1. Any chance you could look up the accessible area of residue A:266 with a 1.4 Å probe, heavy atoms only, rounded to 10 Å²?
2. Evaluate the relative contact order of chain B (contact order divided by residue number), counting alpha-carbon pairs under 8 angstrom at least 6 apart; express in whole percent.
3. Along the charge dipole of region A:11-82, pointing to its positive end and built from +1/-1 on Cβ of Lys, Arg, Asp and Glu, which listed residue (A:54, A:42, A:22) has its Cα farthest out?
4. For chain A, what does the helix formula give at 222 nm: sum of -39500 (n - 2.57) over DSSP H segments with n ≥ 4, over the residue count, nearest 500 deg cm²/dmol?
5. Could you give the length gained by full extension between residue B:204 and residue B:190, i.e. 0.36 nm per residue of separation minus their alpha carbon distance, to one decimal place?
6. Mind checking which lysines have their Cα closer than 30 Å to the Cα of residue A:47? Skip sequence neighbours fewer than 8 apart in that chain.
7. Solvent-accessible area per residue for region A:102-215 at a 1.4 Å probe radius, Å²?
8. Can you give the FRET efficiency for residue B:290 and residue B:21, using 1/(1 + (r/R0)^6), R0 = 35 Å, r = Cβ-Cβ distance, to the nearest 0.05?
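The values are calculated or read from the model by the stated rules, or taken from the named source; none is laboratory data. Bear in mind that the values here come from a model prediction, so they are computed numbers and not experimental data. No Cβ is skipped: glycine too gets one built from the backbone with ideal geometry, and neighbour counts run over all protein chains shown. Just the protein is used for accessible areas: all its heavy atoms, side chains included, with ligands, DNA and RNA removed. Shrake-Rupley method; radii C 1.70, N 1.55, O 1.52, S 1.80 Å.
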Amino acid sequence: MEQLTLGFISAFNERVEPLMNGTIEVEGVELIPTYSHPAETFWRQLKFGEFEVAEMSMSSFLIARSQGADMIALPAFPSRRLFQTELSYHVDSGIEKPQDLVGKRLGVAEYQQTAALWLRGILEHDFGVSQYQIHWYMERSEEMSHGGATGFKPPPGISFQRIAGNKSLASTILANELDVAHVSSPWVLQANTLDRSSRIAGKGDWSQIKPLFPDRMAEGARFYRQHGFLPVNHAYIIRGDIHRQHPWLAGKLYDGFVRAKACAQDRLAAQIPTALIFGQEYLATTRELIGDDPYPFGIKANRAMLDTITRYSHEQGLTPRQMKVEELFAESTLDT
Amino acid sequence: MAKLKLNFISAFNERVEPLMQGIVQAEAIEIVPTYSHPSETFLRQLRDMEFPVGEMSMSSYLIARERGLDMIALPVFPSRRLFHTELSYHSDSGIKKPQDIAGKRIGVSEYQQTAALWQRGILEHDFGVSQYKVHWYMERTEDMSHGGVTGFTPPEGISFQRVPADKSLASMLVNHELDVAAINSPWKNAPNQLGRSHQITGADGDWSKVKLLFPDRVAEGKRFFDKWRFLPVNHAYTIRGDIYRKHPWVAFNLYSAFVKAKEHFNAKLVDSIPSGLFFGKEYLTKTQELFGSDPFPYGVKANRHLLETLIDFSHEQGLITKKPKIEELFAASTTDL
């Protein structure tokens with residue numbers, strides 16, 4: 001039997017890893033994995049469509065789909081973070097709490113990235129700080145950004161500037177040329193061709209840069225209690241030509257993602273470094289705070305999250321209307 | 001360039017893994033790794049001395065050295081646990097706190113194993129429960145135990161029995177044929193030739209009646225560390241005497257590589273915490289608040305108090321007849337480290 005060979009690009013993610021390293025196999029499919037920094041993945045995929053199956057930014061996907069991009073998503077969401085808790089401020093900014101962001105300069109890697117979408121939505125809806133009351137700074141250049149590929153223009157009424165090409169998020173926050181920046185993302189300081197913080201480290205004293213939410217666990221628990229989910233930034237997409245040619249693929253791949261996640265869940269306790277000493281106790285604490293399965297897959301379990309992200313995207317002027325779940329995900333996965 | 005090829009046996013340990021994988025290399029040495037369950041490793045090493053370099057039980061090492069074992073240790077201690085918090089009791093036993101163990105039946109894999117040494121020592125010194133007031137049960141048979149190799153006989157005055165061969169610690173505890181047992185070791189359920197709890201699981205028993213002796217392990221860990229200033233060690237690494245005499249430089253070269261391997265791991269620690277824990281960084285911060293930035297120190301100097309305590313416990317428990325000097329236990333070139 002001939003197998004369908006598919007180029008597959010994704011960052012390392014413990015819930016996807018069994019699929020990438022072949023522990024979990026998808027019937028009829030041979031995946032050729034490319035590990036990649038998400039910034040590069042999305043840029044390559046949005047601009048050149050190189051891969052048959054790819055990790056994809058949820059926000060850029062909503063934008064691209066609203067413009068008719070030929071790709072379809074699977075409701076597999078293995079990457080979730082509390083993006084608002086990744087904001088840091090310079091102590092000279094006078095900021096003490098999230099509400100103090102009004103009138104301040106806030107830097108993000110990319111205006112339309114999903115992390116920034118959640119930041120704006122949560123600041124507005126949970127802390128009363130409107131996106132129009134903040135001065136937005138974006139690091140990535142037009143050529144080397146996801147927005148460059150999807151035709152990004154700053155939404156009307158937004159105060160928007162780019163960070164100069166010889167500076168970075170890290171260097172500008174250190175110099176207090178920004179008051180707040182999204183520099184505590186696990187990715188933004190890692191070398192990649194889109195972000196500059198790893199190349200332009202800047203001068204200054206990182207002890208002057210403080211997390212906007214000093215108690216991340218308390219803020220995480222608050223968010224989860226109020227919203228009932230953890231924010232998703234990425235999903236996986238199948239390129240439209242492949243999806244049309246092999247309509248069975250979406251269901252099979254989704255099933256593979258589900259099995260890979262189950263595999264990671266089974267291994268989770270044993271994968272916790274013994275250096276934590278209390279790994280089992282910490283895992284129990286996590287479950288008390290955000291439930292037994294903080295990474296649910298499927299449409300049903302993610303209704304509230306999907307409704308929120310499509311609404312935020314629309315009210316932030318990134319999409320011209322609120323995208324419907326049915327236009328985003330492969331038909332065979334809509335009942336999951 | 002010629003390298004000395006050395007077979008090396010160890011369990012997987014994140015602080016040793018870079019050395020076993022070859023990411024970190026010892027000067028002038030090529031390591032050929034064998035991954036192994038510690039109980040099997042120690043039996044093979046104590047009995048057959050198959051490997052030039054291997055992981056070794058600290059307690060069995062003290063005993064075997066007194067009886068002339070031809071090996072020398074490196075002060076490398078990548079494996080530490082709060083062994084006494086791995087004890088569970090049956091709720092029908094009437095036990096509510098550690099002090100209630102007096103007069104009760106307690107089961108361990110092996111009487112002389114380092115975990116049991118720490119459990120006895122801590123129960124005695126921190127909770128006033130004398131080893132003589134407890135009825136000890138041991139799971140491993142004489143043939144398939146470390147004590148079988150080192151000539152173990154129960155110390156005088158100790159109430160000692162073996163777990164019958166068709167039973168295990170798990171099955172006896174869940175059926176309340178034991179009141180307390182050390183069943184929460186991370187190794188217990190991993191298949192191995194010496195233990196039986198992974199085969200005779202007691203799965204048909206009522207496990208809701210089995211409780212942790214220290215329900216708040218974090219609080220007990222903090223109490224222990226604040227008092228003793230170390231986390232208990234169970235294993236070190238040893239070099240076989242013939243190799244050490246022929247190539248005395250192996251000791252220091254290997255020690256340096258163990259240190260590098262640990263540093264390599266520590267540098268990647270934050271990133272190696274599964275994102276499934278979600279608050280990995282916060283948990284790591286909490287652990288560092290409790291136990292300092294390096295809960296796994298290597299070297300003789302940083303471990304002197306721990307080693308003295310281990311030797312004291314071994315001696316007062318009748319496992320060794322006289323206390324060795326720390327300098328006799330470790331390769332000469334590593335005793336100043």
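1. Per-residue accessible area (residue A:266): approximately 130 Å².
2. Numbers: 589 pairs, mean separation 90.4, N = 337.
It rounds to 27 percent for chain B.
3. A:42
4. Details: 12 runs with 119 residues, N = 336.
For chain A, the value works out to -10500 deg cm²/dmol.
5. On the way: separation 14, 0.36 × 14 = 5.04 nm, distance 1.93 nm.
This chain segment gains 3.1 nm when fully extended.
6. The reachable lysines, counting only those whose Cα sits under 30 Å from residue A:47, are A:153, A:167, A:252, A:261, A:324.
7. Working: 4500 Å² over 114 residues.
Averaged over the residues of region A:102-215, the accessible area is 39 Å².
8. Numbers: r = 29 Å, r/R0 = 0.84.
Between residue B:290 and residue B:21 the formula returns 0.75.
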